[in-house]
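Before any comments, here is the structure.
No lab work stands behind these numbers, since they all come straight from the coordinates. These figures come from a predicted structure and were not determined experimentally. Please note: Cβ atoms are built from the backbone with ideal geometry, for glycine as well, and neighbour counts cover all protein chains shown.
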Amino acid sequence: MSILQTVGKIDISTVSAYTLAMKDPACDPLYKTFGELVRLHRERQEGLTQEKLGHLVGLSRTSITNIEQGRQHVALHQVFDLADALKVQPEALLPRRGQGVTASWLAAKLPPGTEKEIAAWAEKLSRE
Amino acid sequence: MRKPRTAKAIRAEVTRILAAHGIEKPSVPVKDIAEALGARVRYSPFEGELAGMLVRGDGHILLGVNSLHHPNRQRFTIAHECGHLWLHHDEVHIDRSFRIKKRDAVSSLAIDPDEIEANRFAAELLMPYAMLKNDLLDYDIDVENEQDIHELAKRYEVSIQAMTHRITNILEDILREHF
């Protein structure tokens, strides 16, 4: 039974595009973008190493590395801790809607695990 | 797994669609038919194993075609997606263009009833039984003659391989019906 058929049997239209995108661990664009923003704000502050940031928020250097690379999913309170440590508003660390993950009607329809290239191709077509 | 609908059952469906749109002669305008069935047909290049896609949602039906493929292949893709559109209700069909040597991919496609039906639909739409039968009889086509097959393939805008395969498949029906 193909993945398409399996997906066809559940009503994926009720699942948000964000939740769907998260089901595929290889495709975590939201956390990747979050991580990039954390790194951006950390590097703006001279001498703020991953280790120091980790110390400020009670996490290990490895955790900070993982968060910055989008491999570790942060909890809500950690977003606020990180924002405080980086001296920015929490919003500054949040990806904009549509950034990192596409939240169009099409993205919500594609089965989890659809190749990124195919999803991007379809997305482009749907906008024409 | 359910059994795919027979070639004859699908032939009846396609015959109705062709009649409704007044299509009596090759080549069959598959893009027009796709649009008449409610799809927006869009072309875009894709480097990789993708022939086309059908996605339904929010009042849209998007039929995407890999424009890097040969025009005959693109026509087949549109016809195949029309099959999914007409026969199936899933929201998404992604049709990858696997090579024959990828054994797993082909064997799974070859037994998936949706795919079998969409392929039958495509063959019937591109090379409708009644049209092709008339051509074979009227023009006294020699099915062993490469040049004849070549001419037919051109007339229907399909690959020679597709035409050869199609004739082989319907020959028995024609013989049973007429001789």
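Given a Förster distance of 35 Å, report the FRET efficiency between B:His89 and B:Gln147 from their Cβ-Cβ distance, rounded to the nearest 0.05.
For B:His89 and B:Gln147, the calculated efficiency is 0.20.
How charged is the neighbourhood of A:Gln45? Take every other residue with its Cβ under 11 Å from the Cβ of A:Gln45, and add Lys/Arg as +1 and Asp/Glu as -1. The partial results should precede the final answer.
On the way: positive: A:Arg42, A:Arg44, A:Lys52, A:Lys87; negative: A:Glu43, A:Glu46.
Residues close to A:Gln45 contribute a combined charge of +2.
Give me the inter-chain shielding for B:84-96: mean count of other chain Cβ atoms within 10 Å, whole number please. Intermediate values should be presented prior to the final figure.
Working: counts 0, 0, 0, 0, 2, 1, 7, 10, 10, 4, 10, 1, 2.
Taking the mean over all residues of the peptide, I get 4.
Given labels modelled 7 Å from the Cα in the Cβ direction, how far is it in nm from A:Gln69 to B:Lys3?
So the two model labels end up 5.4 nm from each other.
So, R0 is 35 Å and r is the distance between the beta-carbons of B:His60 and A:Leu48; what FRET efficiency does that work out to, to 0.05? Before the final figure, lay out each step's value.
Numbers: r = 47 Å, r/R0 = 1.35.
That pair, B:His60 with A:Leu48, gives E of 0.15.
Provide the FRET efficiency to the nearest 0.05 for the B:Lys25-B:His70 pair, computing r from the beta carbons and using R0 = 22 Å. Write down the numbers at each step before the final one.
Numbers: r = 23 Å, r/R0 = 1.02.
Plugging the Cβ-Cβ distance into 1/(1 + (r/R0)^6) gives 0.45.
Under 14 Å from the Cβ of B:Leu126, count the other residues' Cβ atoms, weight Lys and Arg +1, Asp and Glu -1, and hand me the total.
Details: positive: B:Arg11, B:Lys25, B:Lys31, B:Arg73, B:Arg75, B:Arg120, B:Lys154, B:Arg155, B:Arg166; negative: B:Asp32, B:Glu81, B:Glu124, B:Asp135, B:Glu157.
Combined, the nearby Lys, Arg, Asp and Glu give +4.
At what distance in angstrom do the alpha carbon centres of the range B:1-51 and the range B:119-159 lie from each other?
The distance from the Cα centre of the range B:1-51 to that of the range B:119-159 comes to 17 Å.
Which angle from 0 to 90°, rounded to the nearest 10, does the C-alpha axis of helix B:71-87 make with the longest principal axis of chain B?
Computed tilt is about 70 degrees.
Got a sec? How would B:Arg56, B:Arg2, A:Arg71 order by Cβ neighbour count within 10 Å, fewest to most? Write out the running numbers ahead of the final one.
Working: B:Arg56 20, B:Arg2 6, A:Arg71 14.
Placing the least packed residue first, the sequence is B:Arg2, A:Arg71, B:Arg56.
On full extension of the chain, what length is gained from A:Arg61 through A:Val79, given 0.36 nm per residue of separation minus the C-alpha to C-alpha distance? Let's see the in-between values first.
Numbers: separation 18, 0.36 × 18 = 6.48 nm, distance 1.61 nm.
That works out to 4.9 nm of additional length.
On C-alpha positions alone, give me the angle between the axis of helix B:146-156 and the longest principal axis of chain B, in degrees, nearest 10.
Roughly 50 degrees, rounded to the nearest 10.
Would you mind checking B:Lys8/B:Lys31; A:Lys109/B:Lys25; A:Lys124/B:Lys31; A:Lys32/A:Lys52 for any pair whose Cα atoms are more than 26 angstrom apart? Walk me through the numbers on the way to the answer.
Numbers: B:Lys8/B:Lys31 23 Å; A:Lys109/B:Lys25 37 Å; A:Lys124/B:Lys31 20 Å; A:Lys32/A:Lys52 21 Å.
Check vs 26 Å cut-off fails for A:Lys109/B:Lys25.
Can you give the mean number of other chain Cβ atoms that lie within 10 Å of the Cβ atoms in peptide A:120-126?
Details: counts 1, 9, 10, 0, 4, 12, 8.
Whole-number average of other-chain Cβ neighbours for A:120-126 is 6.
How charged is the neighbourhood of B:Glu13? Take every other residue with its Cβ under 12 Å from the Cβ of B:Glu13, and add Lys/Arg as +1 and Asp/Glu as -1. Display every interim value, and only then the final one.
Values: positive: B:Arg5, B:Lys8, B:Arg11, B:Arg16, B:Arg120; negative: B:Glu117, B:Glu124.
Net of charged neighbours comes to +3.
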